[in-house]
1. Test residue 344 against the stated conditions and say whether it is without any contact (Cβ under 8 Å) to a residue 40 or more places away in the chain and more than 8 Å from the ligand (Cβ to nearest atom).
2. Answer yes or no: is there a residue in the range 138-152 that is touching a residue at least 40 places away in the same chain (Cβ under 8 Å) and not in a helix (DSSP H, G or I).
3. Could you check the range 42-60 and list, in sequence order, the residues that are touching a helix residue (DSSP H, G or I) at 6+ places or on another chain (Cβ under 8 Å) and under 17 Å from residue 106 (Cα atoms)?
4. Quick check, is residue 351 surrounded by 14 or more Cβ atoms within 10 Å (Cβ to Cβ), within 26 Å of the chain's Cα centre (by Cα) and modelled with pLDDT of 95 or more?
5. Report yes if some residue within the range 17-25 is modelled with pLDDT of 90 or more and part of a helix (DSSP H, G or I); otherwise report no.
6. May I ask you to list the residues in the range 384-400 that are more than 8 Å from the ligand (Cβ to nearest atom) and assigned to a strand (DSSP E or B)?
7. Of all residues being modelled with pLDDT under 75 and assigned to a loop (DSSP other than H, G, I, E, B) in the range 354-377, which is nearest to the ligand (Cβ to nearest atom)? Just the residue, please.
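The values are calculated or read from the model by the stated rules, or taken from the named source; none is laboratory data. Keep in mind that this is a model prediction, so the values were computed, not measured. Positions of Cβ are backbone-derived with ideal geometry, glycine not excepted, and every protein chain shown enters the neighbour counts.
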Ligand code: ADP
């Protein structure tokens, strides 16, 4: 084997600080004079220090690489047995070798040789005629640094991926937990509600007004807990992408009528004045009726919740033919939302603190974020404007393109 551990008799033996790093370099070049020159250059460099092993053929180099670890590989572009780029490919394809960063050197290579070397995965390309001790040492150091950076980035990326997988698994576990708890609680809760309702109706015997009042509160609390669990289940289903839209060609007028029917008792109880403004006729279009009812009922419910008795709620619907969209705006004359809170009301679990305490307790701060996700599933948008102390407007914009006026859209 023509393996030469090059020792240059004329090069000074440098007194290198023992803390200094020593970079192990494998040099593969069939030109003994050039091998000699490289060692001479590298042995003159003080920091870092280099330990060079040299071979004259790719086959010998491969044996060296299999047996020892190197920080960098210096390869001649045209070796007798393989070209420099073939050497890189051979090393890259070898399962037993972790190829170090490779610098290709050529006596007469031009741009095309450089491009070929880089394409093959070379860390750098050095024309031999311009090589000096400094440029050689710098190229090796740069290639090593770059490879280390790549390696640490790859390690970090693997760690991040691992962390991400763990988070996903945890998230799924939490979702399952929510679902199990919600289902487990909902059944006894429904039973408790039923017993309270029966007692309220006097089925279990006559009750006095004060008892009626207490039982009504108990019934409301059951409804509130059920609504909160529904929100939790809904959120976990949205997260798990389990919500599928069932679009049908529907009339928004019908949807609005059904929404108001569902909140009519609350509106009457708070003596709220309702205005409906539907400026143009809205043609029936394709959307998931139940889901849009859920969104509008939620916005109406909030408007009622955060508006003092005697206030006004306005529902305005308009069709923008040019923008191919329909807008549903629900305004109230309620407590309003401060600008700093407004930016976050669509965030999960966000509830406005402070004076809103009067209004708190009914939800989990999930309603608006659920509404936002349902609207997004329809390729629509939801937004809010508000003036603190004066009221708020929540606007839902749904696309109403020609395609979803006429034909059934692809189900999401
Ligand atoms: P929650 O179910 O707790 O009401 P939401 O996601 O529906 O949660 O709303 C988030 C927060 O946004 C509420 O806690 C409330 O502070 C504020 N908010 C929503 N709608 C209105 C409104 N019409 N007027 C004033 N504040 C509102």
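1. Working: without any contact (Cβ under 8 Å) to a residue 40 or more places away in the chain: yes; more than 8 Å from the ligand (Cβ to nearest atom): yes.
When the stated conditions are applied, residue 344 passes them.
2. Of all residues in the range 138-152, those touching a residue at least 40 places away in the same chain (Cβ under 8 Å) come to 140-141, 143-144, 146-147.
After this cut, where a residue has to be not in a helix (DSSP H, G or I) as well, the list is none.
Looking for residues that are touching a residue at least 40 places away in the same chain (Cβ under 8 Å) and not in a helix (DSSP H, G or I), one finds none in the range 138-152, hence no.
3. Here is the first cut: in the range 42-60, the residues touching a helix residue (DSSP H, G or I) at 6+ places or on another chain (Cβ under 8 Å) are 42, 44-45, 48, 50, 52-56, 58.
Hits for the range 42-60 are 54, 55, 56, 58.
4. Values: surrounded by 14 or more Cβ atoms within 10 Å (Cβ to Cβ): yes; within 26 Å of the chain's Cα centre (by Cα): yes; modelled with pLDDT of 95 or more: no.
The answer is no for residue 351.
5. Let us first name the residues in the range 17-25 that are modelled with pLDDT of 90 or more, namely 22-25.
With part of a helix (DSSP H, G or I) added as a condition, the list becomes none.
The answer is no; no qualifying residue exists.
6. First pass over the range 384-400, keeping only residues more than 8 Å from the ligand (Cβ to nearest atom): 385, 387-390, 393, 395-400.
385, 387, 393, 395, 396, 397, 398, 399 - these are the residues of the range 384-400 that are more than 8 Å from the ligand (Cβ to nearest atom) and assigned to a strand (DSSP E or B).
7. First pass over the range 354-377, keeping only residues modelled with pLDDT under 75: 354-363.
Now restrict to residues that are assigned to a loop (DSSP other than H, G, I, E, B): 359-363.
On the way: 359: 7, 360: 7, 361: 8, 362: 6, 363: 2 Å.
Selected residue: 363.
Every residue, every condition in (1) at positive phi; (2) buried (at least 16 other Cβ atoms within 10 Å of the Cβ); (3) not in a helix (DSSP H, G or I), yes or no:
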residue	(1), (2), (3)
215	no, yes, no
223	no, no, no
234	no, yes, no
244	no, no, yes
265	no, no, no
271	yes, no, yes
296	no, yes, no
